[in-house]
Amino acid sequence: MLNASQQFFNQLEKSNNALVVFANDWNGDAVASALAILLIARKMGKKIDIAASPDWKNKQTEKNPLWSFLPSFNEIDNKIANLRKFIVSLNIKNAKVSQIKYLVEKDSLNFIISPAEGWFSPEDISTSESGFKYDLIITINSQDLESLGEIYYQNIEFFYQITVVNIDHQVENEDYGQINLTDLNAVSASEIVYELFKEKENLIDEDIATCLLLGIIVKTKNFKSANLTPKTLLNTSKLISLGAKREEIINRLYRSRDFKVLKLWGKALSNIRSEQNGLLVYSTISQKDFMETGTDKNCLSEIIDELIANLPEAKMIIVFTEESAEKSKALVYSQKGLEPLTLFKDYQASGSNKFCQLEINSQIEENKEKILTLAQKALAKLSS
């Protein structure tokens with residue numbers, strides 16, 4: 001019987017057109033390991049694309065600039081285009097075609113077909129759909145399909161009809177794939193990808209090695225986290241020997257922080273509050289905070305990432321921000337089981353159950369307590 005790795009390579013070898021996707025939080029490990037899969041598969045001669053829903057933390061900045069130096073980063077699409085084709089068929093047995101035109105009238109697309117001889121009848125027309133564009137889906141760092149965000153919600157049938165390879169290291173992963181490459185002992189998805197392909201080390205060039213090393217560095221906080229293992233250090237050494245650009249990664253991630261963003265981080269920390277023994281953490285960033293630090297909402301992505309990284313015990317993190325005098329938003333990160341999309345449905349929650357955004361049609365304080373009360377009740381129910 002084939003093990004999961006052998007099944008993966010078997011499916012990849014048979015695939016004519018694959019798609020790699022990752023969760024809509026756009027964390028560095030997910031982005032980097034997905035790009036590594038893309039590059040390796042292409043070196044194997046496979047046709048493959050990459051896609052992810054827009055970053056939940058800031059839809060105005062669709063791609064996180066921190067990872068933008070990685071190879072093929074700009075190929076990441078925010079939607080799955082031309083997934084299926086709608087086919088209109090015309091039986092020409094009894095009448096031959098002389099000319100075809102089309103016109104768009106309001107909401108109608110009209111085809112005008114002139115026969116060379118004879119005539120067409122309504123019975124000559126039939127419609128059908130083509131098969132899906134992709135025959136294999138590879139998901140990276142996604143605990144469930146819902147964490148993929150809009151790409152999943154807009155293409156649910158696709159994800160249930162096509163073979164899914166699920167690559168992840170998170171304990172919350174639901175093993176939803178037909179093939180599940182989940183390793184809870186790995187520190188990152190990038191490490192799993194390296195382990196998967198290290199027998200084909202000739203395929204790992206410096207670009208691929210750089211992607212995989214970035215994922216490991218992000219997940220271990222530059223080798224300072226408690227989850228660091230001897231195996232991780234050994235894999236890191238191998239990746240550097242294969243050409244991974246460690247200095248460039250460190251410079252991009254840790255030595256190029258904008259002073260303005262650090263000031264905004266200070267504002268977020270000064271406003272931080274917690275409830276229920278630190279299970280619920282929240283902060284508020286006002287328009288005044290943005291003005292005083294010379295920043296804007298495009299900087300929120302880094303603030304959320306820092307809060308998540310530094311508060312691992314928090315089950316839910318909420319950052320309230322002002323959009324205008326009469327409109328505000330809340331960015332919500334939550335761990336498994338809290339279902340924020342349902343919990344905050346009255347606030348037009350969008351995104352996924354791990355990361356979502358709330359629309360508040362008022363000043364923050366008018367709805368802040370209501371949102372926090374809902375969160376507290378959900379956390380109490382989860383703990384009971």
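Scanning segment 115-138 for residues that are surrounded by 13 or more Cβ atoms within 10 Å (Cβ to Cβ), of a type in the set (Phe, Trp, Tyr) and either over 46 Å from the mean Cα position of the chain (by Cα) or modelled with pLDDT under 80 (or both) yields one hit, Phe120. Going through segment 214-224 one residue at a time, which ones are polar (S, T, N, Q) and under 10 Å from Val187 (Cα atoms)? Matches in segment 214-224: Thr220 only.
If a residue counts only when it is at pLDDT 80 or above, which helices (runs of 4 or more DSSP H) contained entirely in segment 263-364 have at least 1 such residues? Quick ask: steps written out before the conclusion?
Numbers: elements: 287-293, 300-310, 340-343.
By residue number, 287-293, 340-343.
When each of Lys46, Lys79, Lys59 is tested for being of a type in the set (Lys, Arg), outside any helix (DSSP H, G or I) and modelled with pLDDT under 85, the lone residue that passes is Lys59.
Kindly indicate whether Glu302 is crowded, with 17+ Cβ neighbours inside 10 Å, closer than 22 Å to Leu264 by Cα, touching a Ser or Thr at 6+ places or on another chain (Cβ under 7 Å) and not assigned by TED's automatic domain parsing to the domain that holds Gln170. Steps first, answer last, please.
On the way: crowded, with 17+ Cβ neighbours inside 10 Å: yes; closer than 22 Å to Leu264 by Cα: yes; touching a Ser or Thr at 6+ places or on another chain (Cβ under 7 Å): no; not assigned by TED's automatic domain parsing to the domain that holds Gln170: yes.
No, not satisfied.
Looking across segment 71-89, the residues that are among the polar types (S, T, N, Q) and surrounded by 13 or more Cβ atoms within 10 Å (Cβ to Cβ) come down to Ser72, Asn78.
Just one of the listed residues (Asn235, Asn227) is in a helix (DSSP H, G or I), on the phi < 0 side of the Ramachandran plot and either over 18 Å from the mean Cα position of the chain (by Cα) or aromatic (Phe, Trp, Tyr) (or both), and it is Asn235.
Residues that are touching a residue at least 40 places away in the same chain (Cβ under 8 Å) and either under 19 Å from Arg42 (Cβ atoms) or in contact with a Cys (Cβ under 7 Å, 6 or more places away or on another chain) (or both) within segment 73-89 comprise Phe73, Ile76, Ile80, listed in sequence order. Does any residue in segment 329-340 that is within 9 Å of Asn353 (Cβ to Cβ) and surrounded by fewer than 19 Cβ atoms within 10 Å (Cβ to Cβ) come within less than 7 Å, Cβ to Cβ, of a residue that is of a type in the set (S, T, N, Q) and at pLDDT 85 or above six or more places away or on a different chain, and which pairs are these? Taking only residues 6 or more apart or on different chains, the pairs are Lys336/Gln143.
In segment 161-171, is there at least one residue being more than 24 Å from Asn10 (Cβ to Cβ) and either surrounded by 15 or more Cβ atoms within 10 Å (Cβ to Cβ) or at pLDDT below 95 (or both)?
The initial filter retains those residues of segment 161-171 that are more than 24 Å from Asn10 (Cβ to Cβ), namely 170-171.
Imposing the further condition that a residue be either surrounded by 15 or more Cβ atoms within 10 Å (Cβ to Cβ) or at pLDDT below 95 (or both) reduces the set to 170-171.
Yes, because at least one residue in segment 161-171 is more than 24 Å from Asn10 (Cβ to Cβ) and either surrounded by 15 or more Cβ atoms within 10 Å (Cβ to Cβ) or at pLDDT below 95 (or both).
When restricted to residues that are more than 21 Å from Ala51 (Cβ to Cβ) and either part of a loop (DSSP other than H, G, I, E, B) or acidic (Asp, Glu) (or both), segment 4-21 contains 1. Within segment 234-250, the set of residues being over 12 Å from Ile216 (Cα atoms), of a type in the set (D, E, K, R) and out of contact with any Lys or Arg (no Cβ under 9 Å at 6 or more places or on another chain) comprises Lys245, Glu247, Glu248.
When each of Ile92, Ile112 is tested for being surrounded by fewer than 17 Cβ atoms within 10 Å (Cβ to Cβ), out of contact with any Cys (no Cβ under 6 Å at 6 or more places or on another chain) and in a loop (DSSP other than H, G, I, E, B), the lone residue that passes is Ile92. When the criteria are applied in full, Ser352 meets the requirement of being surrounded by 15 or more Cβ atoms within 10 Å (Cβ to Cβ), assigned by TED's automatic domain parsing to the domain that holds Lys370 and among the hydroxyl-bearing types (Ser, Thr, Tyr). Taking segment 139-166 as the range and being assigned to a strand (DSSP E or B) and either more than 22 Å from Gly351 (Cβ to Cβ) or touching an Asp or Glu at 6+ places or on another chain (Cβ under 8 Å) (or both) as the test, the residues that pass are Thr139, Ile140, Val165, Asn166.
The values are calculated or read from the model by the stated rules, or taken from the named source; none is laboratory data. Since this is a predicted model, take the numbers as computed values, not measurements. Glycine also receives a Cβ, built like all others from the backbone with ideal geometry; neighbour counts cover every protein chain displayed.
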